[in-house]
1. Sum up the charges of everything whose Cβ sits under 13 Å from the Cβ of residue A:59, counting Lys and Arg as +1 and Asp and Glu as -1, but leave residue A:59 out.
2. Where the centre of each part is set by its Cα atoms, how far does segment B:378-393 sit from segment A:149-209, in angstrom?
3. Before anything else, pin down the relative contact order of segment A:106-253: Cα pairs under 8 Å, at least 6 apart, normalised by residue count, whole percent.
4. Highest mean first, how do A:165-176, B:431-442, B:278-289 rank when packing is the count of other Cβ atoms within 10 Å averaged over residues?
5. How much net charge surrounds residue A:164 when only the other residues with a Cβ under 12 Å from the Cβ of residue A:164 are counted, with Lys and Arg +1 and Asp and Glu -1?
6. Going by a ≥ b ≥ c, the root eigenvalues of the Cα gyration tensor, does the protein assembly as shown fall in the rounded group (a/c under 1.5), the prolate group (a/b larger than b/c) or the oblate group?
7. Compute the Cα gyration tensor for segment A:132-259, then decide on rounded, prolate or oblate, letting a ≥ b ≥ c be the square roots of its eigenvalues: rounded whenever a/c is under 1.5, prolate when a/b is larger than b/c in the other cases, and oblate in all that remain.
8. List B:236, A:103 from most exposed to least, where exposure is judged by having the fewest other Cβ atoms within 10 Å.
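Derivation of every value follows stated rules applied to the coordinates shown; laboratory data play no part. Bear in mind that the values here come from a model prediction, so they are computed numbers and not experimental data. Reconstructed Cβ throughout: ideal geometry from the backbone, glycine too, with neighbour counts over all protein chains shown.
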Amino acid sequence: MHVSRPKGTALVALLLALALAAVVSGCGVTRDSDDPSNRRLRMMIPNSVGGGYDLTGRAAARALEDNDLTGRFEITNVQGASGTVAMQRLVNEKGADDLMMLMGLGVVGAVYTNKSSATPLKMTPIARLVEEQEGILVPADSPFETIDDLVVAWREDPGGLAVGGGSSNGGPDHLFPMQLADAIGVDPTQVNYISYDGGGPLTTALLGAKIDVGMSGLGEFEGQIEDGKLRVLAVSGAERLDGIDAPTLTEAGVDLVFTNWRGVLAPPGISDAQRDYLTELLTEMHDTDEWRDALEANGWTDNFATGQEFEDFLAEQDDRVADTLKELGLA
Amino acid sequence: MDLLLDGFQTALTPENLLFAALGVLLGTAVGVLPGIGPAMTLALLLPVTYSVGADSAIIMFAGIYYGGMYGGSTTSILLNTPGESSSVITAIEGNKMAKAGRAAQALATAAIGSFVAGSIATVLLWIVTPQVADIVVTLGSPSYFALMVLALFAVTAVLGASKLRGFIGLFLGLAIGLVGTSTGQARLTFGEPLLADGIDIVVVAVALFAIGEALWVAAHLRRKPLEIIPVGQPWMSREDWGRSWKPWLRGTAFGFPFGALPAGGAELPTFLSYATEKKLSKHPEEFGRGAIEGVAGPEAANNASAAGTLVPLLALGLPTTATAAIMLVALQGYGFQTGPTLMDDHPDLVWGLLASLFVANALLLVLNLPMAPLWAKLLRIPRPYLYAGILFFASLGAYSVNFQAFDLALLLVIGVLGFFMRRFGIPVLPLIIGVILGPKLEEQLTTALKISQGDVSTLWSEPVAVVVYVVMALLLVAMAVAGLRRPAAAEHSPAADADDTDEKELVER
């Protein structure tokens, strides 16, 4: 008696799991071959599930799928060396006409710090999708009330200010304080940067006042900011952020505009027609309601760009990152 | 209290009960597959859940979380293939029990222990979450460093009969832990970007346990008579209960606080629990040969720490594990403002989740306990087929961590290392602990020293750190006194390692 019931449950479990798997993979059965929703594409994400690239990539794929612009995406998370491994794989897929890879500023930096030959400029640029401002965060009882207080203290004792960030060397939270230090006349090699494994551990360090200041995108800190446990001294973009009571750096007299951005690349060696097709696809995706909702839900700022504009931007970012990291002896 | 009752009302609607059951089953199924953890499952299911209500989705996630933790221990015990780093310790005694025909007992003590620990931890969650949240963030790197040193100290208890071999294992583990770019400089990566993030602990554990063992069995298959593993009693005996309940409670006591600490992790309490049980056991000679305490304690610790991770998540909006991070994303996807205000703004959701954790835990027990004897029968499969299956599972698991063929090569190389470790009687556990602890220890030390700009006194600047060092000093003194009192007894300890026995067998042949 004991034996038959669990067997039945196991079977039900298996069926349910299979049914769910079918829903997840969304088996599109026989359809017209001209129908765009019949076209299966692959998307490569250069970090783990739940990270920034992952959320952006999956939101874009979902907007495309739900509007029948494409069929179901095959999404793979290729982790390793902050995206360097994924970039190498993109090179290896040279000429593949069904693959897109999500990337961004952090990947540009990681390619340098890991001394990889798979650089972004070798790939086929498709589109820039979103940008996120960096915020300068301090604990509620910090002596720094304004960005000026911070600048004064930092200039006085460059190494004495513990600056935390949620990314490893070459990532946006590392590049930003280095460029900020440079902009206010502090030697970047003197900056005491402490790298945390993402926003969670960084929040902990800030709440416990283990570090003096944190630099990161603000999405993961909204709750703490609203609650008054953390304060924002300034944001790094060209314009103020909605809902955040803090000036931009330029308003505060620091000549620096810095944003973390994410975009899409395709493998090298694809045809112009294929590049145009992918560009067109993402342009259509950009106009969907699903994408607009995703932008709003995640607090991303739209900065869509394609073609020559994105290509030039990529080259300019690559230069700037290389300069910063070379100065630090990391590239 | 009213809030809690409301929570149960939410969790116990037929619809939500169904979602909880579905989550538990899915979680167990996924936990059984090594390499695909609960975090991956949640991420895959995330798009699906947006079409059901927030409370149902969160309740299903709770089920997946607990189910995944439990499923991981099943493969550890039966196949010596831990699916998660937190169930590595379970494999050590659990698989030995299974081979001695006590798989059903091992599975049962794991299931009941998980239930007991999960329930106690859930109650603790109800009580302490609002108060404790502000305290946990005051712990910094010096405190964590002290706790890791304590764990390293505890390792001496699991070194095995031969201290030399134990230390060889530990240093091999620390060496493997050095691989990667954790300090910003690439170390032992040989220019290979795939090594830049270090070697995944799941790959190391699966290789040492499953591959090493399969090679060992293959090397002996023709020389040893084929022994069928006895199935034995299907249920836990009175003695098993008597030997399990204390480890369950002690495991819970280790697991919950470590889970609640933002950098505590789920592995540390499991091997602190293992070391404690080995020290306290009335049957220390059974450790290494299948001691039920060695399964009961770590399994309880593992589950209690899973509940503990919800403390910073719910109270502060701080995700401390990958699974918790996805749950946070899910909450945000439903438009909830996560952070310190979540408990005040959405008490119904939080208490519903806490109640459903309890429900998921109970469901897990009801669904899995009757399965234990069934699972145990799996081991009656003739060895060549059984090990072929284990090899397949192990490779699948290692591959699915990252979908890299490179990991398969690593798996084989470390598997061969595992084979030779058995040949020379080097215990595996110190190595595993070295791999896990080494990088964490280093990370906390560098962070602490970076913040203090190289001032070493920062290491004892936090009260928790001071307390830990004092406890360690007292333990050292106690050990020295005990050692003086009976110097000969330690030398001829009956707790010879099973690995040593294997080696002797080989030499005799």
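1. In short, -4.
2. Computed from Cα coordinates, the inter-centre distance equals 53 Å.
3. Computed over segment A:106-253, the figure is 31 percent.
4. With the highest mean Cβ count within 10 Å placed first, the list reads A:165-176, B:431-442, B:278-289.
5. -1
6. Prolate, since a/c reaches 1.5 and a/b exceeds b/c.
7. Since a/c stays below 1.5, the shape of segment A:132-259 is classed as rounded.
8. Taking fewest neighbouring Cβ atoms as first place, the list is B:236, A:103.
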